[in-house]
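Colleague: Got a structure here, written out as structure tokens. Questions coming.
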Amino acid sequence: MRLAPVRTIVAVALLGATAAPAAASDRVASAGVLPAAVALTSTPVADSAATARLHAAADRVRSAHGQQALFGRSAYAGHAKLIATATMNGLAPSAPGDDAPIAYLAGTATDGTYAASVDAAITAIVNAATAVLAYPLHTDGGWYVVTKRLTDGRIRYGAALVVGWPSPNVSRTSGCASGGYCWSNGGLNPHLPWTRNTVKWYLSTSGLPSAGESLVKAAIAKVNAVSRFGAHVVYGGRTTATGPTSTRRFVVVFGSGCSESTALGCTITSTQGTYKMVFQAKTIITMSRYRANPSTTWWTGTLMHEIGHAMGLGHFESTYGGTYQLMRSAHGPDYIKSGDMNGLRDVAPAGRLSASVTAKPRSTGGYTLVVRTANSGLGGVRAVRTQCTDANGAWQTTGLVSGTYDTRATNRTVGAFTPPRGATRSCRAIVRSKTAVMTTASITVRG
């Protein structure tokens with residue numbers, strides 16, 4: 001039989017709001033510009049500049065601790081607004097429903113002290129939140145600064161920071177779907193550095209049989225080839241480690257350790273947060289069972305089954321489309337079936353591509369074509385091609401780059417184009433991820 005995965009949940013304590021206000025009406029004045037509306041109204045107004053400074057301060061702390069910049073999550077931004085407004089009004093704010101850590105402060109200032117007072121509050125907030133900002137499994141955040149004018153002429157403000165996780169891939173942390181699959185956690189986290197572009201599986205040299213590497217490579221390739229499966233799963237090579245490390249998060253080992261002695265294999269899947277999103281996994285192939293019957297098909301199927309667990313799938317015991325699925329706990333097929341494919345697409349969904357192209361004039365004439373790309377989920381960006389029209393209106397390639405590029409919004413120079421003097425041409429970009437291709441809106445360039 002094949003064993004279900006075990007979860008390890010990482011929890012982080014909630015930050016409270018007991019810190020003293022950073023603002024004071026007698027603080028020394030500092031250069032700064034008040035939000036345009038704050039001097040005119042008692043209605044709460046967002047200070048977008050201060051909000052941006054709070055975001056930047058949080059990312060500086062992240063960078064100082066070797067962590068990536070936070071992804072902005074709209075749900076957290078909305079909750080940061082609620083927290084900032086509540087604390088500004090002297091009310092007790094509530095934590096997000098997923099128990100993401102929060103930090104917040106409120107204060108009162110005069111026109112002359114407002115900028116310095118808010119900046120001091122921002123510093124206090126990120127200092128209070130250093131531990132959660134430095135935590136490598138926190139990937140997403142929300143931030144907000146709000147102000148209002150008091151009847152005595154002073155300015156009241158609130159600031160809040162929320163740090164946590166991406167939106168979950170599935171509606172709940174376990175269940176089964178009519179599409180022929182079950183899931184046992186929140187699926188693969190799409191925003192971690194070691195998941196969002198490429199998920200590398202490493203093979204432990206401990207107890208490794210001679211055919212073990214070819215079996216692992218074949219299983220990984222077959223899972224990765226599932227159409228519209230967002231994660232880019234690849235073989236990373238051999239390792240002496242017998243479990244996940246900070247640099248090798250997904251590991252296969254031939255040995256022992258499954259809780260059921262008759263199991264062909266098992267997967268220990270580590271998850272994070274309320275959503276139980278996967279961040280690493282260890283697959284054990286039971287060596288005694290392998291030696292008894294080293295069938296290539298059987299063990300390739302077992303490895304694919306366990307990789308399915310590592311992505312977030314659970315056991316599905318029923319039939320779908322008239323057949324049992326790979327993720328059946330015992331006596332299932334050794335091939336990926338349609339229900340398994342549906343499940344992989346659900347727990348590790350492909351992201352949505354977005355892109356735009358701009359033409360920057362060169363001092364030597366013509367234009368440099370700059371393409372801004374992003375991918376909202378798993379699979380990264382694989383290739384960017386620029387094209388411009390010729391005299392007949394046909395598209396001609398002007399530049400091409402390919403590789404494994406980050407999902408984050410990035411500007412990339414891809415070729416150059418010089419239209420004939422006095423002529424008007426169109427240019428565009430074609431961007432490819434693991435699962436999708438998109439074409440940008442075209443722009444007009446003139447010679």
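Colleague: Report, by residue number, each residue of region 286-324 that is of a type in the set (A, V, I, L, M) and in contact (Cβ under 8 Å) with a residue 60 or more places away in the chain.
Modeller: Met287, Leu303, Met304, Ile307, Ala310, Met311, Leu313, listed by residue number.
Colleague: Quick test of your reading of the structure: Ala281 fulfils all but one of (1) part of a strand (DSSP E or B); (2) out of contact with any Ser or Thr (no Cβ under 7 Å at 6 or more places or on another chain); (3) surrounded by 23 or more Cβ atoms within 10 Å (Cβ to Cβ); (4) among the small types (Gly, Ala, Ser). Name the failing condition by number.
Modeller: (2) is the only condition that Ala281 fails.
Colleague: Please work out if Ala231 is buried (at least 24 other Cβ atoms within 10 Å of the Cβ), among the aliphatic types (A, V, I, L, M) and under 30 Å from Val45 (Cβ atoms). Write out each step before concluding.
Modeller: Values: buried (at least 24 other Cβ atoms within 10 Å of the Cβ): yes; among the aliphatic types (A, V, I, L, M): yes; under 30 Å from Val45 (Cβ atoms): no.
No: the conditions fail for Ala231.
Colleague: Right, another one. Please pick out the residue among Thr195, Thr245, Thr267 that is under 23 Å from the mean Cα position of the chain (by Cα) and over 26 Å from Arg345 (Cα atoms). It would help to see each step written out before you state the result.
Modeller: On the way: Thr195 fails: over 26 Å from Arg345 (Cα atoms); Thr267 fails: over 26 Å from Arg345 (Cα atoms).
Being under 23 Å from the mean Cα position of the chain (by Cα) and over 26 Å from Arg345 (Cα atoms) holds for just one of Thr195, Thr245, Thr267, which is Thr245.
Colleague: I've got another one for you. Out of curiosity, is His331 at pLDDT below 95 and assigned to a loop (DSSP other than H, G, I, E, B)? Quick ask: steps written out before the conclusion?
Modeller: Details: at pLDDT below 95: yes; assigned to a loop (DSSP other than H, G, I, E, B): yes.
Considered against the rule, which asks whether it is at pLDDT below 95 and assigned to a loop (DSSP other than H, G, I, E, B), His331 comes out as yes.
Colleague: Can you tell me which residue in region 311-357 is nearest to the chain's Cα centre (by Cα), limited to those that are more than 30 Å from Val384 (Cβ to Cβ) and of a type in the set (A, V, I, L, M)?
Modeller: Among those residues, the one meeting the criterion is Leu313.
Colleague: Could you list all residues from region 330-350 that are of a type in the set (A, V, I, L, M, F, W, C) and under 14 Å from Gly230 (Cα atoms)? Please lay out each step first, then the result.
Modeller: Within region 330-350, the first condition is being of a type in the set (A, V, I, L, M, F, W, C), and the residues that meet it are 330, 336, 341, 344, 347-348, 350.
Answer for region 330-350, where residues must be of a type in the set (A, V, I, L, M, F, W, C) and under 14 Å from Gly230 (Cα atoms): Met341, Leu344, Val347, Ala348, Ala350.
Colleague: Could you grab me the full set of residues in region 171-216 that are basic (Lys, Arg) and within 19 Å of Leu137 (Cα to Cα)?
Modeller: Let us first name the residues in region 171-216 that are basic (Lys, Arg), namely 172, 196, 200.
Listed by number, the residues that qualify are Arg196, Lys200.
Colleague: All but one of (1) modelled with pLDDT under 95; (2) touching a helix residue (DSSP H, G or I) at 6+ places or on another chain (Cβ under 7 Å) hold for Leu326, so report the exception by its number.
Modeller: Single failed check for Leu326: (1).
Colleague: Could you please find all residues in region 131-158 being aromatic (Phe, Trp, Tyr) and assigned to a loop (DSSP other than H, G, I, E, B)?
Modeller: The initial filter retains those residues of region 131-158 that are aromatic (Phe, Trp, Tyr), namely 135, 143-144, 157.
Within region 131-158, just Tyr135 meets the criteria.
Colleague: Something else: Picking from Gly158, Gly142, which residue would you name as being in the same structural domain as Pro101 (by TED's automatic domain parsing), farther than 26 Å from Ala374 by Cβ and crowded, with 23+ Cβ neighbours inside 10 Å?
Modeller: Working: Gly142 fails: farther than 26 Å from Ala374 by Cβ.
The match here is Gly158.
Colleague: Within region 425-436, does at least one residue satisfy the condition of being at negative phi, over 21 Å from the mean Cα position of the chain (by Cα), in contact (Cβ under 8 Å) with a residue 12 or more places away in the chain and assigned to a loop (DSSP other than H, G, I, E, B)? Step through it out loud before you land on a result.
Modeller: First, pick out the residues of region 425-436 that are at negative phi: 425-436.
Pick out the ones that are also over 21 Å from the mean Cα position of the chain (by Cα) and you get 425-430.
Within this subset, residues satisfying the condition of being in contact (Cβ under 8 Å) with a residue 12 or more places away in the chain are 425-430.
Remaining after also requiring assigned to a loop (DSSP other than H, G, I, E, B): none.
Checked region 425-436: no residue is at negative phi, over 21 Å from the mean Cα position of the chain (by Cα), in contact (Cβ under 8 Å) with a residue 12 or more places away in the chain and assigned to a loop (DSSP other than H, G, I, E, B).
Colleague: Shifting gears a bit: Quick check on my filter: what residues within region 50-68 are within 13 Å of Ala159 (Cα to Cα) and either of a type in the set (Lys, Arg) or out of contact with any helix residue (DSSP H, G or I) (no Cβ under 9 Å at 6 or more places or on another chain) (or both)? Even if it seems obvious, please write down each step before you answer.
Modeller: We begin by selecting, within region 50-68, every residue within 13 Å of Ala159 (Cα to Cα); these are 50-55, 57-58.
Listed by number, the residues that qualify are Ala52, Arg53, His55.
Colleague: Tell me, which residue of region 296-344 that is charged (D, E, K, R), under 25 Å from Ser270 (Cβ atoms) and in contact with a strand residue (DSSP E or B) (Cβ under 7 Å, 6 or more places away or on another chain) is surrounded by the most Cβ atoms within 10 Å (Cβ to Cβ)?
Modeller: Looking at residues that are charged (D, E, K, R), under 25 Å from Ser270 (Cβ atoms) and in contact with a strand residue (DSSP E or B) (Cβ under 7 Å, 6 or more places away or on another chain), I get Asp340.
Colleague: Moving on. Identify all residues within region 424-441 that are surrounded by fewer than 16 Cβ atoms within 10 Å (Cβ to Cβ) and out of contact with any Leu (no Cβ under 9 Å at 6 or more places or on another chain); write none if there are none.
Modeller: Answer for region 424-441, where residues must be surrounded by fewer than 16 Cβ atoms within 10 Å (Cβ to Cβ) and out of contact with any Leu (no Cβ under 9 Å at 6 or more places or on another chain): Thr424, Ser426, Thr439, Ala441.
Colleague: Also: Being aliphatic (A, V, I, L, M), under 30 Å from the mean Cα position of the chain (by Cα) and over 16 Å from Arg53 (Cβ atoms) is the filter; apply it to region 84-126 and report the residue that is surrounded by the fewest Cβ atoms within 10 Å (Cβ to Cβ).
Modeller: Checking each candidate, the answer is Ala95.
Colleague: Somewhere in region 77-85, is a residue at pLDDT 95 or above and farther than 28 Å from Arg408 by Cβ? Before the answer, list the steps.
Modeller: Of region 77-85, the ones at pLDDT 95 or above are 77-85.
From what's left, farther than 28 Å from Arg408 by Cβ: 85.
There is at least one residue in region 77-85 that is at pLDDT 95 or above and farther than 28 Å from Arg408 by Cβ.
Colleague: Now a separate question. Can you give me the number of residues within region 249-277 that are part of a loop (DSSP other than H, G, I, E, B), surrounded by fewer than 19 Cβ atoms within 10 Å (Cβ to Cβ) and in contact (Cβ under 8 Å) with a residue 40 or more places away in the chain?
Modeller: In the first step, residues of region 249-277 are kept if they are part of a loop (DSSP other than H, G, I, E, B); the result is 249, 256-264, 273-276.
Add one more test, that the residue is surrounded by fewer than 19 Cβ atoms within 10 Å (Cβ to Cβ), and what stays is 256-257, 259-262, 274.
Within this subset, residues satisfying the condition of being in contact (Cβ under 8 Å) with a residue 40 or more places away in the chain are 259-260, 262, 274.
Residues in region 249-277 being part of a loop (DSSP other than H, G, I, E, B), surrounded by fewer than 19 Cβ atoms within 10 Å (Cβ to Cβ) and in contact (Cβ under 8 Å) with a residue 40 or more places away in the chain: 4 in total.
Colleague: A further question follows. Condition (residue is of a type in the set (A, V, I, L, M, F, W, C) and not in a strand (DSSP E or B)) applied to region 159-171: is it met by at least one residue?
Modeller: Within region 159-171, the first condition is being of a type in the set (A, V, I, L, M, F, W, C), and the residues that meet it are 159-163, 165, 170.
Still in the running and not in a strand (DSSP E or B): 165, 170.
Looking through region 159-171, at least one residue is of a type in the set (A, V, I, L, M, F, W, C) and not in a strand (DSSP E or B).
Colleague: Next question, about the same structure. Of Ala383, Ala429, which residue is modelled with pLDDT of 95 or more, touching a Ser or Thr at 6+ places or on another chain (Cβ under 8 Å) and more than 16 Å from Thr358 (Cα to Cα)? Can you show your working first?
Modeller: Numbers: Ala429 fails: more than 16 Å from Thr358 (Cα to Cα).
Residue meeting the stated conditions: Ala383.
Colleague: Just to check your reading of the model, which residue among Val384, Val445, Val357 is assigned to a strand (DSSP E or B), of a type in the set (A, V, I, L, M, F, W, C) and more than 30 Å from Ser167 (Cα to Cα)? Don't jump to the end; show me each part of the working.
Modeller: On the way: Val384 fails: more than 30 Å from Ser167 (Cα to Cα); Val357 fails: more than 30 Å from Ser167 (Cα to Cα).
Matching residue, one of Val384, Val445, Val357: Val445.
The values are calculated or read from the model by the stated rules, or taken from the named source; none is laboratory data. These numbers were taken from a predicted model, which means no experiment stands behind them. Virtual Cβ from ideal backbone geometry, glycine too; neighbours counted across all protein chains shown.
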